[in-house]
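Participant: Sharing a structure below in structure tokens format, with a few things to ask.
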Amino acid sequence: MPVKLKVCGVTRPEDLAACVELGVDAVGINLWSGSRRGLSLTEAEALLRAVDPPRSLERVGVFVEPSAEEVRRAAEALALDLVQIVGAQEVMGHGLPYLWVVRGTPALAELLPPEPRPARALLDAAVPGYGGAGQTTDWSWAAAAVQQLAGLEVWLAGGITPANAAAAIEQVRPAGLDVASGTELPGARRGEKDRAAIGTLLAACRGLAD
């Protein structure tokens, strides 16, 4: 099965349009004001309105410590398919389909999906703050975690780039890759994307990398 690709932290219409044209599976819309890729709800609505992406492109809202009302309003206004909430994981999506974010390398025996059951798991590196630092997690551990969580769709994040995506897929065997900084132009200030990088990542996900 081809590995899916989520391009996270999309901020510009031209980048969203490139994701549509290239055939990306999902985009992440960061709604946390503390992120350089963060958009206000008004900005996010304008982004989607400018491109009008097809519903086949999954929309994931990324939040940090949101209130239930913030999540509800964003999910409705942006027609989100999933929510990704960082911090306060006890809220588990506020009743909406959600990503279970697993940071670092917890003991595999204790790696049990929470209830309500998530739509998928996302394995990410343990870094200070709320992620987005471009640091890889332990791929050997991640490969074991994919096996441990058999029956649940498991994606891999953290430090994935066009240069290492094929190796990450080969070693970890995730269902998808979630990439932010690895899709960006050098020196990007607000998440500006590199179309060529996205294309290379997609080639790796489709098994077409050199």
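Every number here is computed from the coordinates shown, using simple stated rules; none is lab data. In this text, all values refer to a predicted model and were calculated from it rather than measured experimentally. Neighbour counts run over all protein chains shown; Cβ positions are idealised from the backbone, glycine included.
Participant: For the stretch 1-72, just the Cα atoms, rotate onto the principal axes and tell me the three extents in Å, largest first.
Facilitator: 35, 28, 22
Participant: Taking each pair of distinct Cα atoms in the chain once, what is the resulting Kirkwood hydrodynamic radius in Å?
Facilitator: Taking every pair of different Cα atoms in the chain, averaging 1/r and inverting gives 17.0 Å.
Participant: Looking only at trypsin sites (Lys or Arg not before Pro) in DSSP loops with at most 16 other Cβ atoms within 10 Å, what is the longest site-free stretch of the chain?
Facilitator: Between the exposed loop sites, the longest stretch runs 56-188.
Participant: To the nearest 20 debye, what is the magnitude of the charge dipole of the chain about its Cα centre, counting +1 on the Cβ of each Lys and Arg and -1 on the Cβ of each Asp and Glu?
Facilitator: Values: 19 positive and 25 negative charges, 36 e Å.
Once rounded to the nearest 20, the dipole reads 180 debye.
Participant: Using a Debye calculation, one point per C-alpha and no hydration shell, please list log10 I(q)/I(0) for the stretch 103-201 at q = 0.10, 0.16 Å⁻¹ in order.
Facilitator: Once normalised to I(0) and log-transformed, intensities are -0.28, -0.69.
Participant: What distance in nm separates the simple spin-label points at residue 12 and residue 138, each placed 7 Å from Cα in the Cβ direction?
Facilitator: Here the answer is 3.9 nm between the modelled labels.
Participant: What ranking of 183, 200 emerges when the number of other C-beta atoms within 10 Å of each C-beta is taken as an exposure proxy, fewest first? All intermediate terms of the calculation are to be shown ahead of the outcome.
Facilitator: Details: 183 30, 200 21.
If I rank by nearby Cβ atoms, fewest first, I get 200, 183.
Participant: Can I ask one more? How much length, in nm to one decimal, is gained on full extension between residue 196 and residue 76, taken as 0.36 nm per residue of separation minus their Cα-Cα distance?
Facilitator: 40.0 nm
Participant: Let me ask something else. What's the FRET efficiency of residue 41 with residue 20 using the Cβ-Cβ distance as r and R₀ = 35 Å, to the nearest 0.05? Mind showing how you got there, number by number?
Facilitator: Values: r = 21 Å, r/R0 = 0.61.
Computed FRET efficiency for residue 41 and residue 20: 0.95.
Participant: Could I ask something else about it? For each of 99, 112, count neighbouring Cβ atoms within 10 Å of the residue's Cβ, then give the residues from fewest to most.
Facilitator: In order of increasing Cβ crowding within 10 Å: 112, 99.
Participant: Would you be so kind as to identify which of 68, 106, 175 lies farthest towards the positive end of the dipole of the chain, taking Lys and Arg as +1 and Asp and Glu as -1 on Cβ and the Cα centre as origin?
Facilitator: 175
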